[in-house]
Amino acid sequence: MQQNQMKRSLTLIPVVLFGFSFMALATVFSTYGIAAELSNGMVSGSYLLALIVMLFTAYSYGQMAKVVPSAGSAYTYTQKSISPHVGFMVGWAVLMDYLFIPMVNYLLFGIFFSAAFPAIPSYIWILGMLLLVTLINARGIRLATMANAMITIFSLLFIFIFIGFSVKEIVGGAGTGTLLNVKPFFNPDESFSYIVAGAALLCFSFLGFDSATAFAEETVNPKKTIPRAVMLITLVGGAVFMTVSYFAYNVWPDHTTFTDPDSASHEIITFVGGKLMATLFLAVYAVTVFGSAMSSQASASRVLFAMGRDGQLPSFFGKLHPKFKTPINNILLISAISLLSLVLSLTLVASFINFGAFIAFISVNIAVISYYFIKKKERSFKGTILYLILPGIGAVLDIWLLLNLDIHSKVLGSIWFALGFIYLLFLTKGFKQKPPELHLSLENDSQDRTA
C-alpha cells in the first residue's frame, strides 16, 4: 500500500497558492466589463453576494476535510458520508469540470499569443504550454508550488500597481473623484436584481477554492490545514475581486461608454497606466492562464488517482511515479485529452465546466448534513445551525446557480452525467453490488495522523 501513498510535503501557504492559481486572481479584469453590464455598475456588490454564497459551500468543504483528509475531494466526501454510488456519480461530474478547465486555459493561451504574434500559429503556443505544464506537474508538487508562488506574486503585484495608479487618477479628479463611494456595492436608484444577475455570473470566478482539498494526502496535518486553506482562498479571492472592481468603478463609473465590454478592463488599465501598464496586463493574463492550467491539471490527476486506487476506475489511474510520487498516468492522460484544444472551440469547452462544479458543491453540502447531522446525530442547537442550516443554505444556493446555467451547460452536463450512470450500471452489475471503495475510517484514517 505504501507505493500508493503520496508524500506529505505541503503546508498551508503552498496549498493556498494552488487555490489562487486555479482561481486565477487576475480574471477579475477579464470579466469586469460583462459584469458591469449585468449588474448595472454594481460589480463590487455582485462580488460580495457571490462571496457570501461561496462561503457556505467553502465551510462545508472544510467540515468534510476534517473527517476525510484524503485525495478525491467531493468524490471522497460523498462516497464516505452518503454512499459509494453517489460518490462515484459526484466524482464523474467533477471530472467533467477538472478535465476541461486545463483545455480552456490552453485555448485562451493560444488565442492570446496568436493575437500578439500573428506569424506563429496558435497550435504552437498551445503545444508549448501543454508540454511545460505536464513536465512541471510530473516532476512533483514542490516544483509546482514554486511556480504557483511566482505566478501569484506576479498577479498580486500587478493588482497593487493597478490600485496605486487608480488612486492617483481618482485623487486627481478622474472618474468619481472620490475614494469613498458606496455605489460600486449598492446604488439605491437601481434594482437589487442587477446585483443578483451579476453574482450569478461572478460565482464562477470563485471556482478553484475547492481544488485545495484534492491535495489532502500531500498536506501536513490536513485536518487543520485544508479547512483553513479553503476559507483563506475564498475570503482573499473575494477581497481581491471586490477591491479591484471598486477602484475600476471609481476610475470609470459609466459602464455604458466602454468600446467593448469584453475589453473594458484593457481600456481602464490603459487609462490609468498608459500603454506600458496595458502591456504588463497582457503578460500577467498569460501567466495567470498558465497557472490555472497547471493547478487544474494537478487537481484532476488526483481525483482520477483516488477513483483508480478505490477501484472505481481501472487500476491504471491509481498508479504513482516511483520517484516523484505523482499520479503520472493521469497527468499524461489529461495532457492527451487536452490536445482536443487544437480542434474544439472555446465556447463548447467552457459549456462543460460549470455543471460539474455545482453538482460537486451541492453534494458536499449534503454530505455535511448526512455525516454530522444524520449519522453522528449532532442535533443540539449549535449542531443544528452548523450541520443542517448552514450546509442546507449552501445546497439551496448552489441549486439556484445550477438552474441558472445556460442551456448548453445543462444539456452537455446531463449527457456526461448519463454516460457516468451507464458506466456505474456496468461497474455494479446493475446495482447488484456496491462500487469498489477504499476502506477508510471517517475520523481515524491512518493517513491523516501526521507529525
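The values are calculated or read from the model by the stated rules, or taken from the named source; none is laboratory data. It should be emphasised that the depicted structure is a prediction, and the values quoted were computed from it without experimental measurement. A quick note on method: Cβ atoms are made from the backbone with ideal geometry, for glycine too, and the neighbour counts reach across all protein chains shown. With ligands, DNA and RNA removed, areas are computed over all heavy atoms of the protein, side chains included. Shrake-Rupley method; radii C 1.70, N 1.55, O 1.52, S 1.80 Å.
Taking 0.36 nm per residue of sequence separation and subtracting the Cα-Cα distance, how much length would be gained by fully extending the chain between ILE124 and LYS429, in nm to one decimal? Could you put the intermediate results ahead of the total?
Details: separation 305, 0.36 × 305 = 109.80 nm, distance 4.50 nm.
Taking ILE124 through LYS429 to full extension adds about 105.3 nm, to one decimal.
Run the accessible area of the chain with a 1.4 Å probe and give the carbon-and-sulfur part as a rounded percent. Display every interim value, and only then the final one.
Numbers: 12590 of 17980 Å².
Accessible surface attributable to carbon and sulfur in the chain totals 70 percent.
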Exercise. For the Cα atoms of the chain, what angle does the longest principal axis make with the long axis of helix 12-23, in degrees from 0 to 90, nearest 10?
Worked result: 60
Exercise. Say R0 is 41 Å: what FRET efficiency, to the nearest 0.05, do PHE324 and PHE417 get from their beta-carbon distance?
Worked result: 0.75
Exercise. Which distance in nm do the two modelled labels at ILE393 and LEU143 give, with both placed 7 Å along the Cα-to-Cβ direction?
Worked result: 4.5
Exercise. Helix 346-368 versus the longest principal axis of the chain: what is the Cα-based angle in degrees, 0 to 90, to the nearest 10?
Worked result: 60
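In debye, nearest 20: dipole of segment 135-242 around its Cα centre with unit charges on the Cβ of K, R (+) and D, E (-)? Could you put the intermediate results ahead of the total?
Working: 7 positive and 6 negative charges, 85 e Å.
Once rounded to the nearest 20, the dipole reads 400 debye.
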Exercise. How many angstrom separate the Cα center of segment 204-246 from the Cα center of segment 386-411?
Worked result: 19
Exercise. Which listed residue (PHE317, HIS255, PHE209) has the Cα farthest towards the positive end of the charge dipole for segment 209-340, taking +1 on Lys and Arg C-beta and -1 on Asp and Glu C-beta about the Cα centre?
Worked result: PHE317
Seminar exercise, completed: Residue-normalised value, i.e. accessible area per residue, for the chain at 1.4 Å probe, in Å², stands at 40
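What pairs from LYS183/LYS382; LYS66/LYS410; LYS319/LYS432; LYS223/LYS376; LYS66/LYS375 go past 25 Å between their alpha carbons? Can you show the working numbers first?
On the way: LYS183/LYS382 37 Å; LYS66/LYS410 32 Å; LYS319/LYS432 28 Å; LYS223/LYS376 18 Å; LYS66/LYS375 16 Å.
Checking Cα-Cα distances, LYS183/LYS382; LYS66/LYS410; LYS319/LYS432 exceed 25 Å.
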Exercise. What's the center-to-center distance, using Cα atoms, between segment 32-60 and segment 272-287 in Å?
Worked result: 25
Seminar exercise, completed: Rounded to the nearest 10 degrees, the helix 407-427 long axis (Cα) sits at an angle to the longest Cα principal axis of the chain of 10
Exercise. Just how large is the dipole of the chain about the Cα centre, in debye to the nearest 20, putting +1 at every Lys and Arg Cβ and -1 at every Asp and Glu Cβ?
Worked result: 1900
